[in-house]
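Reviewing the structure listed below.
The values are calculated or read from the model by the stated rules, or taken from the named source; none is laboratory data. Computed from a predicted model, the values in this text were never measured in an experiment. In this analysis, Cβ positions are derived from the backbone assuming ideal geometry, glycine residues included, and neighbour counts consider all displayed protein chains. All accessible areas refer to the heavy atoms of the entire protein, side chains included, with ligands and DNA or RNA removed. Shrake-Rupley method; radii C 1.70, N 1.55, O 1.52, S 1.80 Å.
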Amino acid sequence: MVSGGESIISVFNILNGYCRDKLEGHSGNILCLKNLKDVVDGEFLTLIASGGADKKIILWNLDRA
């Protein structure tokens, strides 16, 4: 599970509720998050796209933070 706040995206483990990663890359509020899944070279990837008030779109690989 992921949530966005002021310039930080928090990634939570849904089994225990603990925050496992904090992703920093935006310089303003996170306005939207989209869960994307893909297979690249036979490897399943969990990706998140985030859009922020800083007018950036960032793709995050949650398997590698």
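Looking across segment 35-65, just one residue is open to solvent by 80 Å² or more (accessible area, probe 1.4 Å), among the hydrophobic types (A, V, I, L, M, F, W, C) and touching a residue at least 12 places away in the same chain (Cβ under 8 Å), and that is L59. Assess whether I30 counts as being exposed (fewer than 13 other Cβ atoms within 10 Å of the Cβ), among the aliphatic types (A, V, I, L, M) and touching a strand residue (DSSP E or B) at 6+ places or on another chain (Cβ under 6 Å). In short, no.
I'm trying to understand the selection: among the residues of segment 52-65, which are closer than 13 Å to S7 by Cβ and of a type in the set (G, A, S)? Listed by number, the residues that qualify are G52, A53.
Filtered by the rule that a residue be surrounded by 11 or more Cβ atoms within 10 Å (Cβ to Cβ) and either in contact (Cβ under 8 Å) with a residue 40 or more places away in the chain or under 17 Å from L47 (Cα atoms) (or both), segment 2-18 gives V2, S3, G4, S7, I8, I9, S10, V11, F12, N13.
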